[in-house]
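Encoded as structure tokens, the structure appears first; notes follow it.
What follows draws every value from the coordinates through simple rules; no lab data is involved. Remember, it's a predicted structure, so these values are computed and weren't measured experimentally. All Cβ positions, even for glycine, are placed from backbone atoms using ideal geometry, and neighbour counts span all protein chains on display.
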Amino acid sequence: MKRVILNSAYFPNIQYISKFMLHDEISIEQMDTYAKQTYRNRCEILTANGSLSLTVPVVKNFRTHTKDILIDYSEEWQKKQNRAILSAYKNSAFYDHYFPEFECFFIKKEKFLIDLNIKILNTLLDCIGISKNYTITKDYIKSPKSTIDLRDKIHPKPSKKFYDIGFKPAPYYQVFQDKHGFMSNLSIIDLLFNEGPLTLNIIKKTCNKL
């Protein structure tokens, strides 16, 4: 399998996590210029009112490397997101089992966004049962050789999305499915809280072997 390079992501979606099962070698980019309105600082969950974006406020800097992006704590976003996740998933089958693993991220104040994202990623991979087969970049390479470059390809904006032949959404139970229908490719916590130990097998179903 070729090496894959991804952006850093906050509570990444199912498509993002599937790359850790589909590929043997993954790099996470931290030396790129930070871009707004991406999954670097946001995720999507399913609530009673539909899809909801959770965003980590950051200190705005012009042309700053992702590794240097500071989190803005001038507003109590952690408490708000904690309440939003509780409201969305308190009735899911595995919320009580898994949320204690993530509660610290809504209490402790990490200085840098990259540190928060990496710690969340490690916790997610542990909960799911996926090995941490990744490295973090030390230099920015515009066109890395022998690498599938997915930087800024897994993106919240429809105009930025690409046809990913390695990924196909797989259905699973969602708490508000009767109200909104099935919503694919939300944050991986949607799958984890709803399906628990079955998460790994469901992710496998999304992987198209290349």
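If we count every other residue with Cβ under 13 angstrom of LYS119's Cβ, Lys/Arg +1 and Asp/Glu -1, where does the sum land? Mind dumping the intermediate values first?
Details: positive: LYS108, LYS109, LYS111, LYS132; negative: GLU101, GLU103, GLU110, ASP115, ASP126.
So the environment of LYS119 carries a net charge of -1.
Between segment 156-175 and segment 23-87, what's the alpha-carbon centroid distance in Å?
19 Å
Once you put a point 7 Å from the Cα of CYS104 and another 7 Å from the Cα of ASN49, both along the Cβ direction, what distance in nm separates them?
With each label placed 7 Å out from Cα toward Cβ, I get 3.2 nm.
How far, in nm, would the chain grow between LYS36 and ALA84 when pulled straight, counting 0.36 nm per residue and subtracting the alpha carbon separation? Intermediate results must be reported in sequence, preceding the final value.
On the way: separation 48, 0.36 × 48 = 17.28 nm, distance 2.23 nm.
Residue separation times 0.36 nm, minus the Cα-Cα distance, leaves 15.0 nm.
When the Kirkwood hydrodynamic radius is evaluated over all pairs of different C-alpha atoms of segment 140-196, what value in angstrom, to one decimal, is obtained?
Roughly 14.0 Å, rounded to one decimal.
For a quick check: sort SER92, SER51, SER143 by the number of other beta carbons within 10 angstrom, fewest at the front.
On the way: SER92 23, SER51 13, SER143 6.
Going from sparsest to densest Cβ surroundings: SER143, SER51, SER92.
Around LEU198, with a cut-off of 11 angstrom between Cβ atoms, what is the net charge of the other residues, counting Lys and Arg +1 and Asp and Glu -1?
On the way: positive: LYS204, LYS205; negative: GLU195.
Once all neighbours under 11 Å are counted, the net charge is +1.
Per residue Cα convex hull volume for the chain, in cubic angstrom? Before the final figure, lay out the partial values.
Details: hull volume 24.9 nm³, N = 210.
Value for the chain: 119 Å³ per residue.
Given a cut-off of under 8 Å on Cα pairs at least six residues apart, what relative contact order in percent is computed for the chain?
Working: 347 pairs, mean separation 70.0, N = 210.
Reported relative contact order: 33 percent.
Once the other residues with Cβ under 11 Å from the Cβ of MET21 are scored (Lys, Arg +1; Asp, Glu -1), what is the net sum? Don't jump to the answer; show the numbers that get you there.
Numbers: positive: LYS19, LYS204, LYS205, LYS209; negative: ASP24.
Surrounding charge for MET21 is +3.
Can you compute the charge dipole magnitude of the chain about its Cα centre, using +1 on each Lys and Arg Cβ and -1 on each Asp and Glu Cβ, nothing else charged? Give it in debye, rounded to the nearest 20. Intermediate results must be reported in sequence, preceding the final value.
Values: 31 positive and 22 negative charges, 126 e Å.
Using only the charged Cβ atoms, the result is roughly 600 debye.
Here is the link list: LYS111/LYS132; LYS90/LYS132; LYS60/LYS204; LYS111/LYS205; LYS36/LYS161. Which ones come out longer than 26 Å on Cα distance?
On the way: LYS111/LYS132 23 Å; LYS90/LYS132 28 Å; LYS60/LYS204 38 Å; LYS111/LYS205 36 Å; LYS36/LYS161 15 Å.
Pairs exceeding the cut-off: LYS90/LYS132; LYS60/LYS204; LYS111/LYS205.
DSSP loop trypsin sites (Lys or Arg not before Pro) in segment 76-167 with at most 13 other Cβ atoms within 10 Å of their Cβ, which ones? Walk me through the intermediate numbers first.
Numbers: sites: LYS79, LYS80, ARG83, LYS90, LYS108, LYS109, LYS111, LYS119, LYS132, LYS138, LYS142, LYS145, ARG151, LYS153, LYS160, LYS161; in loops: LYS90, LYS108, LYS109, LYS111, LYS132, LYS138, LYS142, LYS145, ARG151, LYS153, LYS161.
Qualifying residues, ordered by number: LYS90, LYS108, LYS109, LYS111, LYS132, LYS138, LYS142, LYS145, LYS161.
So what are the ³J(HN,Hα) numbers for segment 49-59, from phi and the Karplus equation (6.51, -1.76, 1.60; θ = phi - 60°), rounded to whole Hz, Gly and Pro as x?
9, x, 5, 10, 8, 9, 10, 8, x, 10, 6
Nearest-5 percent of antiparallel DSSP beta bridges in the chain? Mind dumping the intermediate values first?
On the way: 11 of 21 bridges.
For the chain, the DSSP antiparallel bridge percentage is about 50.
GluC sites (Glu not before Pro), restricted to segment 53-139: which are DSSP loop and have at most 13 other Cβ atoms within 10 Å? Don't skip to the answer; put the middle values down first.
Numbers: sites: GLU75, GLU76, GLU101, GLU103, GLU110; in loops: GLU75, GLU76, GLU110.
Of the GluC sites (Glu not before Pro), the ones in loops of segment 53-139 whose Cβ has at most 13 other Cβ atoms within 10 Å are GLU75, GLU76.
Does anything in segment 35-70 have its amide N under 20 Å from the 7 Å Cα→Cβ label point of MET183, and if so which residues?
Residues 37-57 qualify, since their backbone N sits under 20 Å from the label point.
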